[in-house]
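What follows is a short report on a single structure.
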Amino acid sequence: MAELDAFLDDVRSELPAVRLLMDPSDREAYRLDETAYLSAGLPGAVALPLTTADVSGLLRLASAHEIAVVPRGAGTGLSGGAAGIEGAVTIALTRMNQILEIDPDNLCVVTQPGVINAELKDAVAGHGLFYPPDPASYETCSIGGNLGTNAGGLCCVKYGQTRDWVLGLEVVLADGSVIRTGGRTVKDTAGYSLTHLFVGSQGTLGIITEATLRLRPLPGPRATMLAFFATLGAAGEAVASMTRAGLVPVTLELLDHETVVAVDDAHGLGLDRGAAAMLLVESDAPGSAAGIELDAAEAAMLASGATSIVRAQDAQEADWLRQARRLALRALERQGTVRMEDVGVPRSRVPELLAAIERITAAHGVRCATFGHAGDGNLHPNLIFDRNDPEAERLTHVVRDEIFRVALDLGGTVTAEHGIGSARREWLPVQKGEGAVAAMRAIKAALDPKGILNPGRVL
Ligand SMILES: Cc1cc2nc3c(=O)[nH]c(=O)nc-3n(C[C@H](O)[C@H](O)[C@H](O)COP(=O)(O)OP(=O)(O)OC[C@H]3O[C@@H](n4cnc5c(N)ncnc54)[C@H](O)[C@@H]3O)c2cc1C
């Protein structure tokens with residue numbers, strides 16, 4: 001504690017522009033991210049820098065005093081990556097929220113990390129440009145957090161994850177030094193790709209203070225369709241058959257029966273509550289190509305046993321159908337504590353993963369609602385339980401481990417887009433192998449020799 005006080009004294013005298021939150025109730029707001037089922041520490045202080053120089057000064061002093069630091073964006077993460085560490089300093093990048101330049105000539109945008117994803121999308125759309133990565137939380141999560149987690153979202157099936165849209169970063173390293181990993185060139189093979197290394201490193205290797213992101217021309221309005229199925233297996237088969245048919249819709253999302261009913265209960269959207277599963281399919285192909293793409297998707301879904309199909313007639317209706325998916329997590333949270341998992345498998349194995357989730361949760365009597373980015377092979381089984389019941393909580397752990405084992409046996413991953421964070425650490429060596437984890441530890445030791453950056457996360 002004395003060391004923390006000495007660090008804070010130095011911050012106050014050397015970095016007067018940095019806002020410090022010391023009041024316990026203010027710090028309490030930075031204890032958790034969106035992993036409500038985890039417990040986390042109370043930050044000893046919360047620092048709110050405004051500039052790269054502030055972040056650099058903070059890390060230089062944290063390094064000198066050997067104070068642990070938790071980088072944080074908007075705190076919507078689902079792996080405990082930005083959750084507090086008892087007595088550590090949380091550095092929240094929320095005040096670094098300026099879009100620095102939109103560059104239509106080079107199809108890129110330069111931004112600070114605290115900008116909210118939806119605000120960046122809106123700003124570039126004003127120039128006829130498009131930034132595709134769109135986590136379902138896009139109205140609340142920050143670009144810095146998206147970079148920290150390599151966020152996915154609803155259009156990865158066509159456009160990939162956040163990492164695919166990063167040209168270069170400015171990063172403050174653990175000792176306070178500032179580096180740049182790339183710029184506005186589309187191609188760059190000079191040296192190791194540090195850009196790719198920092199994206200997804202969950203604040204354990206450095207703090208991202210600026211990003212140059214790729215853009216593309218804004219596509220036209222989307223064509224949107226919902227399909228309902230009598231069995232979960234038929235919906236899984238429809239997903240696999242669309243991939244087999246070479247279809248690459250911009251969105252291919254799945255909601256199971258529990259999720260459809262929860263969303264309908266919460267928001268009265270008039271969904272088919274008797275269906276075992278629902279798929280949301282969207283196309284942003286230009287002009288009439290969108291309708292043709294949806295026709296092909298519809299044929300594949302009917303051949304797999306879709307019982308009914310609804311197409312949006314206009315943009316407003318499309319938005320309404322899309323809401324069904326975006327509201328899923330919040331609707332489920334009305335029913336208990338939600339432990340959201342994030343497994344991914346090769347797309348052809350989605351039907352097997354869905355069957356395994358059903359089998360495992362039924363065998364243990366654990367309530368589960370599954371939705372997710374089925375077109376990427378990425379599903380979110382949400383285990384719903386009463387947090388005051390220790391046995392129920394223990395069972396969610398057992399179920400999670402069994403689902404992870406199945407995902408790995410199917411050639412998949414224990415986390416496709418939310419990250420290892422603090423929630424899934426013990427599974428990293430199981431998935432990647434001890435040798436790969438040793439290589440990661442060597443990189444961590446080289447970049448953060450005192451281990452001050454987000455300790456206990458990822459590794
Ligand atoms: C309703 C809901 C829906 C969601 N849907 C999706 C989805 O579809 N796809 C998806 O991928 N995720 C989804 N998420 C999870 C979450 O929104 C994403 O992980 C998002 O990228 C986190 O952004 P954030 O700003 O909240 O980051 P935080 O939670 O604050 O931080 C996330 C991680 O990034 C690190 N970090 C933050 N800023 C920086 C920085 N500047 N430099 C270095 N490291 C940093 C943190 O240390 C932490 O490890 C959803 C969450 C919710 C609540």
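The values are calculated or read from the model by the stated rules, or taken from the named source; none is laboratory data. This structure is a prediction, so every number in the text was calculated from the model and none was measured. Counting neighbours? That spans all protein chains shown, and the Cβs are built from the backbone with ideal geometry, glycine included. Accessible surface is based on the protein model in full, side chains and every heavy atom, while ligands, DNA and RNA are left aside. Shrake-Rupley method; radii C 1.70, N 1.55, O 1.52, S 1.80 Å.
Count of the stretch 227-250 residues, restricted to those that are open to solvent by less than 40 Å² (accessible area, probe 1.4 Å) and either touching a Cys at 6+ places or on another chain (Cβ under 6 Å) or without any contact (Cβ under 8 Å) to a residue 40 or more places away in the chain (or both), is 1. From the list 224, 212, 195, exactly one residue is modelled with pLDDT of 95 or more, over 30 Å from residue 452 (Cβ atoms), open to solvent by less than 30 Å² (accessible area, probe 1.4 Å) and among the β-branched types (Val, Ile, Thr). Which is it? Exactly one of 224, 212, 195 is modelled with pLDDT of 95 or more, over 30 Å from residue 452 (Cβ atoms), open to solvent by less than 30 Å² (accessible area, probe 1.4 Å) and among the β-branched types (Val, Ile, Thr), namely 224. Looking across the stretch 359-390, the residues that are among the hydrophobic types (A, V, I, L, M, F, W, C) and either at pLDDT below 95 or in contact with a helix residue (DSSP H, G or I) (Cβ under 8 Å, 6 or more places away or on another chain) (or both) come down to 360, 366, 368, 369, 371, 374, 379, 383, 384, 385. Taking the criterion of being over 30 Å from residue 284 (Cα atoms), among the polar types (S, T, N, Q) and crowded, with 22+ Cβ neighbours inside 10 Å, the only residue of the stretch 159-191 that qualifies is 181.
For the criterion of being more than 14 Å from the chain's Cα centre (by Cα), near the ligand (Cβ under 9 Å from one of its atoms) and in a loop (DSSP other than H, G, I, E, B), residue 189 fails. Taking residue 84, is it under 21 Å from the mean Cα position of the chain (by Cα) and near the ligand (Cβ under 8 Å from one of its atoms)? So residue 84 fails the test.
Restricting 168, 145 to residues that are near the ligand (Cβ under 8 Å from one of its atoms) and not in a loop (DSSP other than H, G, I, E, B) narrows the list to 145. Residues in the stretch 315-343 that are closer than 26 Å to residue 220 by Cβ and open to solvent by less than 30 Å² (accessible area, probe 1.4 Å): 318, 321, 324, 325.
Of all residues in the stretch 133-150, which are farther than 24 Å from residue 223 by Cβ and open to solvent by 10 Å² or more (accessible area, probe 1.4 Å)? Answer for the stretch 133-150, where residues must be farther than 24 Å from residue 223 by Cβ and open to solvent by 10 Å² or more (accessible area, probe 1.4 Å): 137, 140, 144, 145, 148, 149, 150. Checking each residue in the stretch 417-434 for being of a type outside the set (Ser, Thr, Tyr) and open to solvent by 30 Å² or more (accessible area, probe 1.4 Å) picks out 425, 426, 429, 430, 431, 432, 434.
The set of residues from the stretch 156-165 being within 10 Å of the ligand (Cβ to nearest atom) and either part of a strand (DSSP E or B) or touching an Asp or Glu at 6+ places or on another chain (Cβ under 7 Å) (or both) comprises 156, 161.
Quick grid of which residues meet (1) in contact with a strand residue (DSSP E or B) (Cβ under 9 Å, 6 or more places away or on another chain); (2) within 14 Å of the ligand (Cβ to nearest atom); (3) among the small types (Gly, Ala, Ser):
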site	(1), (2), (3)
203	yes, yes, yes
208	yes, yes, no
211	yes, yes, yes
223	yes, no, yes
226	yes, no, no
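In the stretch 51-132, counting only strands (runs of 3 or more DSSP E) that sit wholly within it, the ones holding 1 or more residues that are surrounded by 22 or more Cβ atoms within 10 Å (Cβ to Cβ) and in contact (Cβ under 8 Å) with a residue 60 or more places away in the chain span 69-72, 89-92, 108-111.
Is there a residue in the stretch 418-433 that is farther than 24 Å from residue 85 by Cα, aromatic (Phe, Trp, Tyr) and at pLDDT 95 or above? Looking for residues that are farther than 24 Å from residue 85 by Cα, aromatic (Phe, Trp, Tyr) and at pLDDT 95 or above, one finds none in the stretch 418-433, hence no.
Which residues, taken from the stretch 310-332, are more than 17 Å from residue 375 (Cβ to Cβ) and in a helix (DSSP H, G or I)?
315, 316, 317, 318, 319, 320, 323, 329, 330, 331, 332, listed by residue number.
Within the stretch 279-299, residues that are under 22 Å from residue 377 (Cβ atoms) reach partners that are open to solvent by 40 Å² or more (accessible area, probe 1.4 Å) and assigned to a strand (DSSP E or B) with beta carbons closer than 9 Å, at six or more positions or on different chains, in the pairs 294/311; 298/309; 298/311. When residue 292 is tested against (1) crowded, with 19+ Cβ neighbours inside 10 Å; (2) assigned to a helix (DSSP H, G or I), only condition (1) is not met.
With the structure loaded, tell me whether residue 423 is touching a strand residue (DSSP E or B) at 6+ places or on another chain (Cβ under 6 Å) and within 14 Å of the ligand (Cβ to nearest atom) or whether it fails that test. Considered against the rule, which asks whether it is touching a strand residue (DSSP E or B) at 6+ places or on another chain (Cβ under 6 Å) and within 14 Å of the ligand (Cβ to nearest atom), residue 423 comes out as no.
In the set 402, 393, only one residue is in a helix (DSSP H, G or I) and at pLDDT below 95; that residue is 393.
Pairs are defined by a Cβ separation below 6 Å, a sequence spacing of at least 6 or placement on different chains, a first member in the stretch 396-415 that is among the aromatic types (Phe, Trp, Tyr), and a second member that is modelled with pLDDT of 95 or more; the pairs so defined are 404/414; 404/427. Selection of first residues in the stretch 186-203 that are of a type in the set (D, E, K, R) and of second residues that are part of a loop (DSSP other than H, G, I, E, B), restricted to Cβ pairs under 6 Å at least 6 apart or on distinct chains, gives the following pairs, ordered by first then second residue: 188/182.
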